[in-house]
1. For Tyr61, Tyr78, give me the order by solvent-accessible area with a 1.4 Å probe, most accessible first, ignoring ligands, DNA and RNA.
2. Can you give the accessible area of Phe22 in Å² (nearest 10), computed on protein heavy atoms with a 1.4 Å probe?
3. Does region 21-63 come out rounded, prolate or oblate by the C-alpha gyration tensor, with a ≥ b ≥ c the root eigenvalues, rounded set by a/c under 1.5 and, if not, prolate when a/b is larger than b/c and oblate if not?
4. What accessible surface, in Å², does a 1.4 Å probe find on Lys49, ignoring ligands, DNA and RNA and rounding to the nearest 10?
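The values are calculated or read from the model by the stated rules, or taken from the named source; none is laboratory data. As the structure is a computational prediction, the values presented were derived from the model and not from experiment. Ligands, DNA and RNA are excluded from the accessible area calculation, which covers all protein heavy atoms including side chains. Shrake-Rupley method; radii C 1.70, N 1.55, O 1.52, S 1.80 Å.
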Amino acid sequence: MARENGVTVNLTPIGKEAFVFFVNKHNPVSNLTIQQIKGIYSGRITNWKKLGGRNRNIRAYQRAKNSGSQTILESLLYDELIVEPIKESELTFMLDIINRTAAYRNYNNALGYSFFFIQRKWFKMTA
């Protein structure tokens with residue numbers, strides 16, 4: 001419709017989407033590198049102590065196969081094999097992974113992931 005009326009629309013994205021990893025607030029580990037994430041989800045890193053945390057096994061939650069965020073995790077770890085999750089650690093919905101990581105009974109060893117995005121677009125129209 002803009003084109004038909006001689007109006008040019010320039011789209012300028014001002015938001016980005018991020019794939020974020022999170023731990024329970026009681027976990028002292030606050031930063032992880034991509035290599036550390038790869039190590040965790042490939043099964044090479046299994047204890048928080050190796051990452052500066054407490055001597056606890058890492059409970060790395062995953063989403064169901066073919067979910068959007070699981071597909072992104074797999075592409076992020078493209079050169080690694082992802083360890084099969086313990087069945088109760090494979091969650092269907094994004095809210096499940098957030099709630100389970102926050103409330104897991106051994107709260108300081110859970111790890112989850114999600115998308116964080118701000119979706120705004122500015123349009124500049126010229127006639």
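1. Working: Tyr61 5, Tyr78 175 Å².
Accessible-area ranking of Tyr61, Tyr78, largest first: Tyr78, Tyr61.
2. The accessible area of Phe22 comes to roughly 50 Å².
3. Values: a/c = 1.37, a/b = 1.22, b/c = 1.12.
Judged from the Cα gyration tensor, region 21-63 comes out rounded (a/c under 1.5).
4. For Lys49, solvent-accessible area is about 130 Å².
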